[in-house]
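Student: First, the structure itself, so that you have it in front of you.
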Amino acid sequence: MLPALDTAPALLVAAPLLLTIAGLLLAPMFGLNRLRTRGGIVVAVVGVVGAYLYWRITSTIPWDAGWFGLGFALLCLGVELFGLFDAAILFAGLARRTNRSAEADAGEARLAACPPQQLSSVDLIIATYNEPIEVLEKTILGALALDWPNLNVWVADDGRRAWLRDYCQAKGAGYITRPDNLHAKAGNINHALSVTSAPFVAVFDADFVPQRGFLRRTMGFFDDPAIGIVQVPHSFYNHDPLQQNLALREALPDDQRFFFEAIMPGRDGWDAAFCCGSNSITRRAAIDAIGGGLPAGSITEDMLLSLALLQKNYVTRYLNEPLAFGLAPESLEAFFVQRARWAQGATQILFLKSGPLGPGHDLRHRLFFLPTAWLSQALMMILSVVSPLIFLFFDVPPLVGVTAQSAIFFLVPMVVAQVGGIVLLGGGRYFPIAAQVLGTFQSFRLLPVIIKTLFKPHGHAFKVTPKGSDATAGGYQRGIFLACATLMIATLTGLVINAIPDTRIVAQGALVPMVAFWGLINIVVLFLAAMLCLGRPALRAEERFALDDQVAVWRRDARHATITRGLDISVSGIALAEIGAVGGGVTVGEPVRVRLRGVGSIDGRVARSHGGRIGIAFDDTDSTARDRLIVQLFTAGLNTSSHSMPMWQATRAMLLRIVTADMRLPAAPAGSAAIRPVPDETRLAKVTLVLPPRRGSATTPARASAG
């Protein structure tokens, strides 16, 4: 029997909410890294959600309503249960988050004790199709700088670009082409596997730069013969559209931090981590066990690879350390190309023999690899903004029998328990408002993609995420913006109509305040989602890194250098403190030479001089000093997009954007275009071409040569 809440004392009505809040506040005192504490949080959340579901199912469904009213209520309940199913899987994962750094330390120590010639050979494959030189050069040079004696760096070029072949030969990387582009990225990697032979294979996307210690930190895991893949996070040195378009670059982390730093370590605790397409290293024997190549049945071949290996008892291990940095989507269109590919590919695996419904998988793996979260999140986000409108304009409620007391007793504790539990178990990586805004924003475009893929799982083209100068700066998502604006106006209109007794549509006037609260939350979320639609271009062509070091500067005809202090630096230029002779008489366009510690001398010209600093643009010439600068900037763990703001401050900053919003469509700033000249686009013949790397182990020759 449910308590008579309408006549219950206020303290009793609020008791579940108060106990939930108290539990969330006290939990950290018992140590969130302890399995018992984490398990206790999950049990408490399950208890609160269980009480809510009992009330929801037994008291809020209008069984005596007409077909439309009952159907709508059951639809809302079904979507809610669908979302809670995926939430249960999420909580199970977060409860068993791992930290493999101690194992990586032990493995690194074992490797350090081995003579270099005893370390296993590694083929590092950089898969590329159309990425520009300013993206590829960082990855290639970073790979060549890896701290590993027996390494072959290969660039597998499905674009067959002559300039890239010449660049690889000049820098010492191997170069591979194939006669066709069958199966896109998976086919490209599989062809590279067929012409190489090292017992371990690292795969990197064209924009991800490995850090020098990547192999030292990961190779030790393969002492366990059950490990087939070691995966590390995707970390970024630029800001993603959420950070950029809402002007929250210093307040929010990129939207993938929660996945890579909370969800993936949790999946690892259940041996359900998976390959993420880049920043991984794989045992070749494991690949040979599934036929010698990556599965090509899904456009997300990476997740499918881990599933196929699980059927052969090989596990994907996850090391949560930032050992490679790449580019987050640089525009809204690039963002949707990436997310649509992920959603399509994850949905496709449902229909494959190696997928979670295929033979040979444990129940835990079937559950963790179900791609239902894509669909459940999109349905819940869309329904949450549409349901109040259906109620306000048609008097068809998503649930009945709701009073302020019952909402406080059942509904609010359930929401607080779920959100608070994820925040605690996620280690501070979960930002609820940001997640709601981004989820709503992307659902408008992803929901049709997911539904289409469910009815037609195959035949979808693999689309490469645009990067560098190929990524359209900024962008404007007109359709989503109009949808958000329309929903906001409709919600406000519905609230005004039902606030006036003479025009009220809702029969139960007591419900209007609760629906108004729901509607106002939706308006806030929709407004921020609308702001996201106004793509703001990056301020600079290259990402800047903080610099606090002495820099020597030679001016024209100067016999001695002037020592000043660097402020920040990028591949294309440097900002210096305007000190002494450097500032005296400096003119824009004046040629200078800059000497950097560990890099050498780079020629450039003064680009600006004001406000106590001067800016120098480096000459765009290929040089060993420029190569050393790229290696120094991008392989030392530097990250321009890092943040340290607590969740509550970040949420406050996000909400303040509502009153400080600039809803004008921004224009690209001058000078934001790519700085590198466009290379000659001559294409090579569609044949197998294998040019071995100049650096690398002589004990792992290519299996084939040019042909």
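Student: Expressed as a whole percentage, what fraction of the accessible surface of region 196-325 belongs to carbon and sulfur atoms when a 1.4 Å probe is rolled over the protein heavy atoms?
Tutor: Carbon and sulfur together cover 52 percent of it.
Student: Which one, ALA14, VAL337, THR403, is farthest towards the positive end of the dipole of the chain when Lys and Arg carry +1 and Asp and Glu -1 on their Cβ?
Tutor: Value: VAL337.
Student: Assuming R0 = 35 Å, what is the FRET efficiency of VAL496 and TRP67, from their Cβ-Cβ distance, to the nearest 0.05?
Tutor: In this case the efficiency is close to 0.70.
Student: At 1.4 Å probe size, with the rest of the protein present, what percent of the exposed accessible area of region 363-497 is carbon and sulfur atoms? Numbers along the way, then the final one.
Tutor: Values: 3980 of 5560 Å².
On region 363-497, the fraction of accessible area on carbon and sulfur atoms equals 72 percent.
Student: Do you know the relative contact order of the chain, to the nearest whole percent, from alpha carbon pairs under 8 angstrom that are 6+ apart?
Tutor: 20 percent
Student: Please work out the Kirkwood hydrodynamic radius for the chain, using every pair of different C-alpha atoms, and report it in angstroms with one decimal place.
Tutor: Details: mean 1/r = 0.0359 Å⁻¹.
Over the chain, the inverse of the mean reciprocal pair distance is 27.9 Å.
Student: Just the number, please: percent antiparallel of the DSSP beta bridges in the chain, rounded to the nearest 5.
Tutor: Expressed as a percentage, antiparallel bridges in the chain total about 65.
Student: Next question. Please report the orientation-averaged projected area of region 424-525, defined via the convex hull of its C-alpha atoms, in nm².
Tutor: 11.3 nm²
Student: Does region 97-227 classify as rounded, prolate or oblate by the C-alpha gyration tensor (a ≥ b ≥ c root eigenvalues; a/c under 1.5 gives rounded; else a/b over b/c gives prolate, otherwise oblate)?
Tutor: Judged from the Cα gyration tensor, region 97-227 comes out prolate (a/c at least 1.5, a/b above b/c).
Student: In what sequence, largest accessible area first, do GLU103, GLU80 appear using a 1.4 Å probe?
Tutor: GLU103, GLU80
Student: From the P(r) of region 29-188, could you give the percentage of C-alpha pairs in the tail past 22 Å?
Tutor: Across region 29-188, Cα pairs with separations above 22 Å total 69 percent.
Student: Could you list the residues of region 599-620 with an amide nitrogen less than 12 Å from a label point located 7 Å from the Cα of ALA552 in the Cα-to-C-beta direction?
Tutor: 599-602
Student: At 1.4 Å probe size, with every protein chain present, just tell me what the per residue accessible area of the chain comes to in Å².
Tutor: Numbers: 29880 Å² over 707 residues.
Accessible area per residue, the chain: 42 Å².
Student: Still on this structure, please answer the following. When only alpha-carbon atoms count, how far does region 115-168 stretch along each of its three principal axes, as whole angstroms with the largest first?
Tutor: 39, 18, 16
Student: Classify region 48-135 as rounded, prolate or oblate, taking a ≥ b ≥ c as the square roots of the eigenvalues of its Cα gyration tensor: rounded when a/c is under 1.5, otherwise prolate if a/b is larger than b/c and oblate if not.
Tutor: It comes out oblate by the Cα gyration axes.
Student: What is the diffusion coefficient of region 199-311 in µm²/s, taking the Kirkwood radius over Cα pairs and the Stokes-Einstein relation at 4 °C with a viscosity of 1.567 mPa s?
Tutor: 84 µm²/s
Student: Related question: Just to be sure I understand the model, the point goes 7 Å from the Cα along the line to the Cβ. What's the resulting ARG249 to LEU12 distance in nm?
Tutor: Using points 7 Å along Cα→Cβ, the separation is 5.7 nm.
Student: At a 1.4 Å probe radius, carbon and sulfur cover how many percent of the accessible area of region 12-81?
Tutor: Roughly 77 percent of what the probe reaches on region 12-81 is carbon or sulfur.
Student: At q = 0.16, 0.19, 0.23, 0.24 Å⁻¹, what log₁₀ I(q)/I(0) does a Debye calculation on the Cα points of region 1-80 give, no solvent, two decimals?
Tutor: -0.81, -0.94, -1.07, -1.10
The values are calculated or read from the model by the stated rules, or taken from the named source; none is laboratory data. Everything numeric here is computed off the predicted structure, so don't read it as measured data. Counting neighbours? That spans all protein chains shown, and the Cβs are built from the backbone with ideal geometry, glycine included. Remember, those area values only see protein heavy atoms, side chains included, never the ligands or the DNA or RNA. Shrake-Rupley method; radii C 1.70, N 1.55, O 1.52, S 1.80 Å.
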